[in-house]
Amino acid sequence: MAIIQHLIVDEYGSFIGKHSERLIVYKGEEKFIQAPLLHLESVVIANQGISISADAVQVCTERGIPIFFVNSIGEPYASLYSAGLTGTIATRRAQLEAYRNRRGLELALALAIGKIQNQANLLKYMSKYRKESDPTLYEELRRLAAEVLDERIKLEHLSRSPEVREGKLSIEDLRQSIMGIEGRAAQRYWDAIRLTVPEKYGFPGRVGRGAADPINAALNYSYGILYGQVERAIVLAGLDPYAGFLHMDRPGKPSLTLDLIEEFRPTVVDRTVIGLANKGVAFDQDKEKRLTPEVRRMIAEKILERLDTPIPFENKRYAIRAIIQIQARHIATFLRGEREAYQPSQLTW
């Protein structure tokens, strides 16, 4: 029997209960999933009409197993953790204070630089497999990767400016400039991605909420799965997922989660979804252009599998999931003044 580390429940009418040292998923009288708590790392509830017992919630929170709720298009709408995880006062005070000082601005710049670097690295990764088979596409991908990196250079110039180094500016002074640079890099990146996606998918370029094409629907759903993993890492690091830097504060907006997820979108989601498309995988949709339940489950499993993939990081090899956790802790130590700088992780190519 395969070990279940990430329990995904998406069958309408399911019930999640606890018996002894297991979570058991029922559909009517039938037990169709049993997940030992010993190996379980997360629970994802990915449909309406699913219930969970208080006993199951209690044992998950006691053992540090988060429960994530996402809707049919991958938008997270709730997460359950142990209440004790929010009691990290020193870290949270430093996090809030950093919004007004150079550390908050330096972190925002580093996260934007990391996102752009990983976008360029993914384009280089995709280009190298086309050097012989499609030289024209190879050259175009390399050109667009270089243009993405041009935007990274602009961010580096900002980060090295005396005004930033001397703490004369805050994130509010440079947010629009950073977002503008990031937006130009994203435009070139998605232009390049569109060239690699088979025509049969009708990929128009990046579309967020309300996307009708299967590739964007798959990307959006995948980002929702990744979101839960990033938020978990942030909470376990003692940080407040709603007090971010690059993304503006709004009621109910998990700004820090949205900040950190940017570093890992190309590494975890874009590479996985575009890879599936290039293998000809069908992203079936219903009449309302939502991915079918079977496709959603397949995508969730692929993203969680990718998160367990070891890649080089800090002169060792770690699962990407572990790197997300390490980076969240690095953010915490940087904001507390115990780390000189925050260095984003890089996708190898």
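The values are calculated or read from the model by the stated rules, or taken from the named source; none is laboratory data. Quantities reported herein were computed from a predicted structural model and do not represent experimental measurements. Please note: Cβ atoms are built from the backbone with ideal geometry, for glycine as well, and neighbour counts cover all protein chains shown. Heads up: the accessible areas ignore ligands, DNA and RNA and are worked out on the full protein's heavy atoms, side chains in. Shrake-Rupley method; radii C 1.70, N 1.55, O 1.52, S 1.80 Å.
Checking ALA120, ALA56 one by one, the residue that is touching a Phe, Trp or Tyr at 6+ places or on another chain (Cβ under 9 Å) and in contact (Cβ under 8 Å) with a residue 12 or more places away in the chain is ALA120 and no other. Across segment 58-69, the number of residues qualifying as more than 13 Å from LEU7 (Cα to Cα) and in contact with a strand residue (DSSP E or B) (Cβ under 9 Å, 6 or more places away or on another chain) comes to 3. Out of the residues in segment 119-130 that are among the basic types (Lys, Arg) and in a helix (DSSP H, G or I), state the one that is modelled with the highest pLDDT. Top of the filtered list is LYS124.
Among the numbered criteria (1) open to solvent by 80 Å² or more (accessible area, probe 1.4 Å); (2) closer than 16 Å to ARG296 by Cβ; (3) touching a strand residue (DSSP E or B) at 6+ places or on another chain (Cβ under 8 Å), which one does ASP55 miss? Single failed check for ASP55: (2). Among residues of segment 133-149 that are closer than 19 Å to ALA185 by Cβ, those with a Cβ under 9 angstrom from a residue that is acidic (Asp, Glu) and assigned to a helix (DSSP H, G or I), sequence gap 6+ or separate chain, pair up as LEU144/ASP191. Residue count for segment 39-65 under the criterion of being hydroxyl-bearing (Ser, Thr, Tyr) and outside any strand (DSSP E or B): the result is 2. A residue that is assigned to a strand (DSSP E or B) and in contact (Cβ under 8 Å) with a residue 12 or more places away in the chain occurs somewhere in segment 80-95.
Given the criteria over 26 Å from LEU137 (Cβ atoms) and not aliphatic (A, V, I, L, M), does ARG165 qualify? So ARG165 passes the test. For residues that are hydrophobic (A, V, I, L, M, F, W, C) and in a helix (DSSP H, G or I), scanning just segment 180-203, find the one that is most open to solvent (accessible area, probe 1.4 Å). Among those residues, the one meeting the criterion is LEU195.
Of all residues in segment 39-52 being open to solvent by less than 30 Å² (accessible area, probe 1.4 Å) and small (Gly, Ala, Ser), which is farthest from ARG296 (Cα to Cα)? Going through the qualifying residues, I end up with SER42. For segment 36-49, the count of residues that are free of Cβ contacts under 8 Å to residues at least 24 places away in the same chain and either within 20 Å of ARG321 (Cα to Cα) or in contact with a strand residue (DSSP E or B) (Cβ under 6 Å, 6 or more places away or on another chain) (or both) is at least one. Within segment 233-265, the residues that satisfy the criterion of being within 11 Å of the chain's Cα centre (by Cα) and of a type in the set (D, E, K, R) are ASP259, GLU262, GLU263, ARG265.
Entry remark, segment 131-179: residues being part of a loop (DSSP other than H, G, I, E, B) and in contact with a helix residue (DSSP H, G or I) (Cβ under 7 Å, 6 or more places away or on another chain) number 4 in total. Give me a count of the residues in segment 248-274 that are out of contact with any helix residue (DSSP H, G or I) (no Cβ under 9 Å at 6 or more places or on another chain) and under 19 Å from ARG175 (Cα atoms). Within segment 248-274, residues that are out of contact with any helix residue (DSSP H, G or I) (no Cβ under 9 Å at 6 or more places or on another chain) and under 19 Å from ARG175 (Cα atoms) number 4. Entry remark, segment 237-247: residues being aliphatic (A, V, I, L, M), within 20 Å of GLU172 (Cα to Cα) and open to solvent by less than 10 Å² (accessible area, probe 1.4 Å) number 1 in total.
Look at segment 6-38 and say how many of its residues are open to solvent by 70 Å² or more (accessible area, probe 1.4 Å), in a loop (DSSP other than H, G, I, E, B) and on the phi < 0 side of the Ramachandran plot. Result for segment 6-38: 5. Take ARG165 and decide whether it is in contact (Cβ under 8 Å) with a residue 12 or more places away in the chain and under 20 Å from the mean Cα position of the chain (by Cα). Here the answer is no, as ARG165 does not meet what is asked. When segment 70-80 is examined, which residues are found to be surrounded by 18 or more Cβ atoms within 10 Å (Cβ to Cβ) and either closer than 12 Å to ILE225 by Cβ or touching a Ser or Thr at 6+ places or on another chain (Cβ under 6 Å) (or both)? Residues satisfying the conditions are VAL70, GLY74, PRO76. Of all residues in segment 81-112, those being among the aliphatic types (A, V, I, L, M) and open to solvent by 20 Å² or more (accessible area, probe 1.4 Å) number 5.
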